[in-house]
Amino acid sequence: MSTILVVEDNEMVANAVAFKLKREGYEVVLALDGREAKKELGQKKFELIITDIMLPYMNGIELIEYAKTNYPSIPIIVLSVANQEKMVMNAFQLGVEDFISKPFNPNELILRVKRVL
Amino acid sequence: MKVDHLFSIFAWLFIAYSILVYLGYLVGALFSFLELREYKQNNLLENEVPLLKTSNLPAVSILAPAYNESVTIIENVRSLLTLNYPAFEIVIINDGSSDDSLEKLIATFQLKKDTSPHYNFIATAEVKAVYKSQLSSFASLTVIDKENGGKADALNAGVNIAEHQLVCCIDVDCILEQDALVKLVKPFLNSTKKKVIAAGGVIRIANSCTIEDGKLVKVELPKSFIARAQLLEYFRAFLMGRMAWSRIDGLLIISGAFGMFDKNLIIEAGGYNTKTVGEDMELLVRMRKMMRKKEVPYEVGFIPNPLCWTEVPEDLNVLSRQRNRWARGCAETLWIHRRMLFNPYYKTLGLLSAPYWFFFEWLAPIIEFIGILFFIYLTFTGQVNWVYSISFFIVVYFLSVLFSITAIFFEEYSFQQYKNLKDIFKLILASFLDPLIFHPLVMWYSIRGNIDLFRKKKGWGKMTRKGFTK
Amino acid sequence: MDLYHQLIAQLEQFYNGSPFYVKFNLCASLLFFLMIFLFILFIVNTRYRKSVIEAKRKTIEKKLSGLINEYLFSDEYEEQPTEDFKNYLQQQSLAKEVAIEQFLIFTENFRGDYIERLRLLFEKVGLADYLFHILKKGFWAEKVKAVYVLSELNIKKRDDLIFPLLLSDHPKLKAHAILYFVKTADNKPLSFLGHLQDDLSLWEQIHIEHILRYYYLGEMPNFSLYLKHRLESVRIFAVRMIRLFNQFESTKALIPMLNEEEPEVKKEVIRTLTALNIIEALPFIMQALKTNVLLVQQEVLRAITEMGNYEMLVALDINLNNPSLAFAFEKAQYQLKLH
């Protein structure tokens with residue numbers, strides 16, 4: 001079964017996403033900020049990254065840049081508030097596979113995860 | 001026998017005075033606590049997004065006078081340009097700098113002379129030119145180049161040119177939080193029954209903090225004692241003093257480093273007074289008097305959030321010039337508005353605020369200084385009652401420490417900027433040292449200020465800055 | 001021990017033998033010293049308690065988020081038992097507070113049928129009743145929060161409890177009651193305006209505007225219905241909203257308002273007519289120049305700059321004695337010459 005790295009600074013949302021994904025049978029690792037995510041990437045093999053953009057220490061854009069250079073084979077789905085158009089464009093330019101804007105429907109998230117994997 | 005008698009009178013006077021101070025302290029602490037609590041309750045659910053997205057927020061003109069700020073000016077303007085606010089302009093007033101501030105501004109922001117008509121609602125020193133940027137991304141930037149006329153004169157030139165209904169006067173080297181304007185404008189939005197004439201904020205100390213691109217990234221406790229002592233002083237002045245005065249709407253000063261005003265009322269009041277170095281205090285007092293005379297119900301807002309950070313002097317010469325200026329400003333303002341003192345017509349203002357400033361802000365260092373001279377005289381003539389003197393000293397010492405400790409408590413209660421418990425202990429230690437080291441110094445500077453005032457000395461009191469970026 | 005008694009005795013003797021002012025000083029010093037000591041203890045204790053509460057919060061959060069997730073993502077959520085959840089909330093005093101925060105976070109982040117599930121759960125575990133109880137008995141700041149949470153979760157079972165708050169003396173309570181009615185409305189979001197006694201603050205106007213723009217899904221109200229409202233601030237608000245939502249059909253109703261007395265309303269009307277570019281209104285707007293209020297006169301000049309031309313401006317019969325007006329005129333001239 002695929003392992004997914006979820007990067008989200010709000011613990012409630014992170015837990016909910018993890019809960020839902022686990023129900024669908026995925027294995028989930030949580031990271032609450034960009035730095036933690038970077039560490040996890042070095043330790044484990046992931047099939048997918050789901051990340052927020054507004055993150056403490058190392059923001060999502062930096063994290064995507066890092067992941068796309070060092071682990072180009074892992075697909076990335078961004079899950080974030082899309083109040084800045086520039087940010088969405090930026091993410092796509094860096095090569096992310098999908099963008100889900102908050103507020104989101106968890107069922108939709110699962111469908112998009114299935115499509116990417 | 002004679003000396004004993006004198007002591008008796010002196011002792012009674014002191015007891016009366018200290019009871020007054022003590023009561024003042026208690027009431028002040030209580031009011032400030034109530035005001036802070038109410039502010040917190042009122043702002044628990046504040047969400048600024050609607051304010052940022054509307055077109056109905058009053059537009060603001062930021063006025064920043066600059067005098068020889070070449071080292072930091074570009075960085076500061078860039079940081080101002082990124083403030084979160086839906087509609088604002090920045091007006092930099094180059095007050096006859098002798099350095100290359102203007103050239104730098106022109107080159108960086110591609111400024112071009114602006115030919116549109118202007119009107120001097122308030123008379124100022126000659127404006128040489130007004131510049132606007134040719135680049136659309138800096139369309140909100142205006143630079144005024146004028147003959148040197150002092151800070152008040154520079155601000156008046158800014159008021160003349162300001163496009164918007166509200167003006168926010170700042171020191172150009174201050175570091176503003178991203179949401180500083182949105183927070184400071186709130187008093188103007190909430191009142192329906194009273195006219196809000198101005199709003200002020202807390203000034204915080206940026207020494208030793210991490211600053212990147214003109215933005216405050218990490219709050220740190222200042223490393224030097226002199227800056228820590230000023231930190232305690234600012235806590236006492238803002239979190240205790242002004243908060244309490246705000247509760248009874250008796251604020252007499254909005255710091256020149258960060259305050260928002262209704263532009264038309266500034267013009268109506270005649271603008272900043274160029275003949276005093278305490279222009280920030282003098283203007284608010286004059287605006288209040290004007291409103292009282294017009295019999296329009298009004299109020300002055302005060303926001304305790306940490307919104308404006310400034311570097312305080314660590315160099316004693318610079319500190320001495322600053323305090324000298326403050327002492328003169330205070331004395332001049334009180335003198336200009338002396339008719340207000342104990343005048344029941346002005347209510348809180350005349351019966352409480354003005355007397356407070358007179359006795360505790362202006363007179364206190366002078367009384368203290370005379371006391372010390374008297375003590376020295378007695379020592380030399382061998383007439384000192386040592387038991388009395390020492391006990392007297394201990395009370396005063398403990399009371400000053402208590403003031404600072406209470407102020408630290410208010411910081412803890414309000415916004416808790418220093419997360420590390422160690423920092424709090426460092427501040428407590430500084431509170432114990434402050435009355436012995438820093439306080440006498442500041443007292444001496446304000447005595448010098450008063451002496452200079454009588455000798456008629458004027459000027460900006462140049463402040464040399466280190467600049468934040470290392 | 002003896003030494004100690006001796007010391008005390010000596011101090012007592014010293015104190016008794018001192019004149020009154022020394023006594024006063026000693027007592028005051030002791031009092032201040034004690035207060036310093038107490039304050040320091042208090043500060044340290046506050047920090048300590050904060051960290052304890054923080055830790056407690058963390059455990060509660062973990063437990064609750066598990067419970068909410070269990071319910072939210074179960075397939076037969078409607079039959080899912082909630083007794084455990086309910087009991088847990090009853091035991092811990094902090095738990096209700098944390099739970100409410102979590103519900104707010106979930107509602108903010110989720111979309112679709114999950115919102116409905118959240119609301120159902122919120123009611124089932126008794127949190128809605130808890131808020132209703134606060135609305136009946138609570139302190140004003142608690143009431144404000146209750147109203148806010150109910151409006152965010154769209155729980156509109158007890159409008160009757162919130163209705164009286166529209167007339168509250170407490171500005172924040174009144175403000176949030178207003179926002180509650182706008183936010184929970186499926187249609188006619190402004191019907192509360194009829195019951196309003198006090199003026200709308202600018203803060204309230206801006207927040208209502210925000211909800212109408214970004215949350216309200218029903219049919220946009222016809223703002224011209226409020227142009228005759230007895231509160232000046234409501235009339236101003238209506239004029240502004242006509243501008244914001246481009247309600248051209250209301251411009252006919254706006255023109256007679258140029259004869260209103262309040263200069264603020266007049267100014268706002270002129271601004272709206274200008275923004276919507278109603279050139280036919282320009283002669284009526286120019287009539288308003290006769291009002292001797294600077295605010296209105298400046299706005300008229302601005303309207304001419306936007307919709308008129310240089311000839312119109314110079315042909316104006318206008319008294320330029322007031323320097324501010326003269327300046328506005330000069331500025332208008334300058335701008336019209338540019339084009």
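Tabulated results
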quantity	calculated
Ratio Rg/Rh, restricted to the stretch C:121-213 and using Cα atoms, in which Rh is the Kirkwood radius	0.95
Helix C:127-137 vs. chain C, principal-axis angle (Cα, 0 to 90°, nearest 10)	90 degrees
Quarter of the Cα convex hull surface for the stretch A:59-117, i.e. its orientation-mean projected area (nm²)	4.0 nm²
Average partner coverage of B:44-51, which counts Cβ from other chains inside 10 Å	5
Extreme residue, positive dipole direction of chain B, given options B:429, B:401, B:265 (C-beta unit charges)	B:265
Within 10 Å of each Cβ in A:11-20, the average number of Cβ atoms from other chains	6
Projected label distance in nm at residue C:34 and residue B:375, using a 7 Å step from Cα toward the beta-carbon	2.6 nm
For the stretch B:115-161, convex hull of alpha carbons as volume per residue, Å³	76 Å³
Rel. contact order, % - alpha carbon contacts under 8 angstrom, at least six apart, the stretch C:171-288	19 percent
Equivalent-ellipsoid semi-axes of chain A, from the Cα gyration tensor, Å, largest first	18, 16, 14
Alpha carbon centroid spacing (whole Å) that separates the stretch B:347-371 from the stretch B:63-100	36 Å
Percent of alpha-carbon pairs separated by more than 29 Å within the stretch B:236-392	30 percent
Taking N as its residue count, the alpha carbon Rg of the protein assembly as shown over 2.2 N^0.38 Å	1.07
Radius of gyration, Dmax [the stretch B:66-201; alpha carbons; angstrom]	15.1, 48
Value of Rg to Rh for the stretch A:1-61 (Rh from inverse mean 1/r over Cα pairs, i.e. Kirkwood)	0.95
Cα-only Debye scattering, the stretch B:340-390: base-10 log of I(q)/I(0) at q = 0.15 Å⁻¹	-0.57
Debye log10 I(q)/I(0) at q = 0.13, 0.14, 0.29 Å⁻¹ for the stretch C:161-208, Cα point scatterers	-0.24, -0.28, -1.26
Listed peptides B:195-207, C:318-330 by packing density, highest first (mean Cβ within 10 Å)	B:195-207, C:318-330
Length gained when the stretch residue B:21-residue B:295 is fully extended (0.36 nm per residue, less Cα-Cα span)	95.4 nm
Chain B: relative contact order as a whole-number percent, Cα under 8 Å and 6+ apart	17 percent
Under 11 Å from the residue B:126 label point (7 Å along Cα→beta-carbon), backbone N, the stretch B:142-159	B:147-148
Estimated D of chain B in µm² per second, where Rh is the Kirkwood radius over Cα pairs and Stokes-Einstein applies at 25 °C, 0.890 mPa s	104 µm²/s
Most to least packed among B:57-66, B:348-357, B:163-172, B:120-129 [average Cβ atoms within 10 Å]	B:57-66, B:163-172, B:348-357, B:120-129
q = 0.07, 0.08, 0.12, 0.14 Å⁻¹: log10 I(q)/I(0) that the Debye formula gives for chain C, counting C-alpha atoms only	-0.56, -0.66, -0.93, -1.09
The stretch B:133-214: radius of gyration over Cα atoms, expressed as a fraction of 2.2 N^0.38 Å	1.33
Whole-Hz ³J(HN,Hα) from phi, Karplus 6.51 cos²θ - 1.76 cosθ + 1.60, for the stretch C:92-98, glycine and proline x	9, 6, 6, 4, 4, 4, 5
Charge dipole (debye, nearest 20) of chain B; +1 at Cβ of Lys and Arg, -1 at Cβ of Asp and Glu	800 debye
The stretch C:182-296, dipole about Cα centre (Lys/Arg Cβ +1, Asp/Glu Cβ -1), debye to the nearest 20	200 debye
Expected 222 nm ellipticity per residue - DSSP helices of 4 or more, -39500 (n - 2.57), all of chain B, to 500	-15000 deg cm²/dmol
Projected-area mean, the stretch B:31-94, by convex hull of Cα positions, square nanometres	6.7 nm²
Label-point gap, in nm, between residue C:133 and residue B:338 - each point 7 angstrom along Cα→Cβ	6.5 nm
Mean ellipticity per residue at 222 nm, deg cm²/dmol - from DSSP H runs of n ≥ 4 across chain A, formula -39500 (n - 2.57)	-14000 deg cm²/dmol
Relative frequency of Cα-Cα separations exceeding 21 Å in the stretch C:1-99, percent	64 percent
Given charges at beta-carbon only (K, R positive; D, E negative), |dipole| of the protein assembly as shown in Debye	1680 debye
Length-normalised contact order for the stretch C:229-329 - Cα pairs under 8 Å, 6+ apart - percent	22 percent
Nonlocal amide H pairs with residue B:201, under 5 Å, H built at 1.01 Å	B:255, B:303
Estimated 222 nm signal from helices in chain C, with DSSP H stretches of n ≥ 4 weighted -39500 (n - 2.57), rounded to 500	-22000 deg cm²/dmol
Residue C:326 versus residue A:110: modelled label distance in nm, points set 7 Å from Cα along the beta carbon direction	7.6 nm
Residues whose placed amide H lies under 5 Å from that of residue B:93, excluding near-sequence neighbours	B:64, B:66, B:144
Ratio of Rg to Rh over the stretch B:1-150 (Cα coordinates, Kirkwood Rh, two decimals)	1.27
Neighbouring partner chain Cβ atoms per residue of B:397-408, average, 10 Å criterion	4
Highest to lowest packing among A:58-67, B:179-188, C:303-312, C:160-169, scored as the average C-beta count within 10 Å	B:179-188, A:58-67, C:303-312, C:160-169
Centre separation in Å (Cα based) which lies between the stretch C:88-163 and the stretch A:93-117	30 Å
For the stretch C:208-339, the fraction of alpha-carbon pairs in successive 5 Å shells from zero, as %	2, 10, 21, 20, 18, 12, 9, 5, 2, 1, 0
Whole-angstrom gap from the stretch A:28-63 to the stretch B:192-261, using each part's C-alpha centre	38 Å
Vicinal HN-Hα couplings computed from phi for the stretch B:69-79 (Karplus, 6.51 cos²θ - 1.76 cosθ + 1.60; Hz; Gly/Pro x)	10, 3, 4, 10, 4, 5, 4, 5, 5, 4, 5
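Only the coordinates and a few stated rules stand behind these numbers; no lab work does. It should be emphasised that the depicted structure is a prediction, and the values quoted were computed from it without experimental measurement. Ideal geometry is used to build each Cβ from the backbone, glycine not excepted, and the neighbour counts take in all protein chains shown.
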